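Data block below; observations after.
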Amino acid sequence: MRTWLERSLWDVVPRDHRQTPKALRRRQLVTIGFVLLGAVVLGFSIRIEPGSTTFYGATLGLAAVWTIGAFASGPLHLGRITYRDAHVRPIVTPILIGLGIAGIFVVGGLIVRQIDFLERQVSSVLDFADQGSVPILVVITAVNGVAEELFFRGAAYAAITRHPVLWTTIAYFVATLATGNVMLSFAALLLGVIVGLQRRASGGILAPILTHCTWSLSMLLVLPLLFGA
């Protein structure tokens, strides 16, 4: 178990992802511009009334902002992790990590239910699941998970030359603060650390994407059952 986690989150796989000073500067400027734009769109989308069709367009628009910003910044890489004597694309391990994080959040949810303020914060987000179309929300949740990782663990991570795990986690946290929701921001902080370590270890965005999507889809489907009880 320890070796498995070390390979997924800590052991850095050799890679050659060099950038010229000009390319790095361009990536940094593009990233700054799009993170500010994304925070504005995120703040707008979360304040839309639950059940409104405008919510779907706004959240897909946010995904478009993150995705365009990611690819406009420069090359992105999928990454690899060590498996036995080879370097392979991370698939199963990130999904299992995502499920593990989801399990921790479910346990935490049992505690949150006992605290009125925090329970209201979670319920305000779950209103969108209660009053929206679940199949559409599943698609939107997955699309946004992919888009956020393309940007924060793709473009933003590559734009930062020192302590990228720390700074991309802070950037993701600050962007999520635009929602004004304490629990979303707290989740962004914890998730950001995990997927940041995956990005550092693998050198790419595939592991963070799979973990993020697994976690967010699990939360979408499980938390309404927990907080609706």
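Taking Leu78, is it within 26 Å of Leu220 (Cβ to Cβ), open to solvent by 80 Å² or more (accessible area, probe 1.4 Å) and touching a Pro at 6+ places or on another chain (Cβ under 9 Å)?
yes
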Of the residues Thr161, Thr176, which single one is β-branched (Val, Ile, Thr) and either free of Cβ contacts under 8 Å to residues at least 12 places away in the same chain or in a loop (DSSP other than H, G, I, E, B) (or both)? Thr161
Please name all residue pairs, on different chains or six or more residues apart, with Cβ atoms under 8 Å, provided the first residue is in the range 78-89 and is more than 18 Å from Thr211 (Cα to Cα) and the second residue is open to solvent by less than 50 Å² (accessible area, probe 1.4 Å) and not in a loop (DSSP other than H, G, I, E, B). His87/Ile81
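If I ask for residues that are assigned to a helix (DSSP H, G or I) and more than 17 Å from the chain's Cα centre (by Cα), which ones from the range 65-93 would you list?
Just the residues of the range 65-93 that are assigned to a helix (DSSP H, G or I), to begin with: 65-73, 92-93.
Hits for the range 65-93 are Ala72, Ser73, Val92.
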Can you name the condition, by its number, that Phe55 falls short on among (1) out of contact with any helix residue (DSSP H, G or I) (no Cβ under 7 Å at 6 or more places or on another chain); (2) closer than 26 Å to Leu226 by Cα; (3) open to solvent by less than 90 Å² (accessible area, probe 1.4 Å)? (1)
I'm told Leu60 meets every condition in (1) over 20 Å from the mean Cα position of the chain (by Cα); (2) modelled with pLDDT of 80 or more; (3) closer than 17 Å to Thr141 by Cα except one. Can you identify the failing condition by its number? (1)
Is there a residue being open to solvent by 20 Å² or more (accessible area, probe 1.4 Å) and among the polar types (S, T, N, Q) anywhere in the range 160-177? yes
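Any idea which residue in the range 10-37 is surrounded by the fewest Cβ atoms within 10 Å (Cβ to Cβ), counting only those that are of a type in the set (D, E, K, R) and at pLDDT 90 or above?
Step by step, filter the range 10-37, then rank; the result is Lys22.
In the range 187-196, is there at least one residue being open to solvent by 30 Å² or more (accessible area, probe 1.4 Å), over 11 Å from the mean Cα position of the chain (by Cα) and farther than 20 Å from Arg89 by Cβ?
Our first condition is that a residue be open to solvent by 30 Å² or more (accessible area, probe 1.4 Å); within the range 187-196, this holds for 189-190, 193-194.
If we keep only those that are over 11 Å from the mean Cα position of the chain (by Cα) too, we end up with none.
There is no residue in the range 187-196 that is open to solvent by 30 Å² or more (accessible area, probe 1.4 Å), over 11 Å from the mean Cα position of the chain (by Cα) and farther than 20 Å from Arg89 by Cβ.
The rows are residues; the columns are (1) of a type in the set (Phe, Trp, Tyr); (2) at pLDDT below 90; (3) open to solvent by 40 Å² or more (accessible area, probe 1.4 Å).
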| position | (1), (2), (3) |
| --- | --- |
| Gly51 | no, yes, yes |
| Ser73 | no, no, no |
| Thr82 | no, yes, yes |
| His87 | no, yes, yes |
| Ala102 | no, no, no |
| Gln121 | no, yes, no |
| Leu126 | no, yes, no |
| Glu149 | no, no, no |
| Ala158 | no, no, no |
Look through Leu42, Leu96, Leu37, Leu62 and report the one residue that is free of Cβ contacts under 8 Å to residues at least 12 places away in the same chain and part of a helix (DSSP H, G or I). Leu96
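The values are calculated or read from the model by the stated rules, or taken from the named source; none is laboratory data. Because the structure is predicted, anything quoted here is derived from the model rather than measured. Using ideal geometry, Cβ is built from the backbone for each residue, glycine included, and neighbour counts are taken over all protein chains shown. We work out accessible area using only protein heavy atoms, side chains counted, and drop any ligands, DNA or RNA first. Shrake-Rupley method; radii C 1.70, N 1.55, O 1.52, S 1.80 Å.
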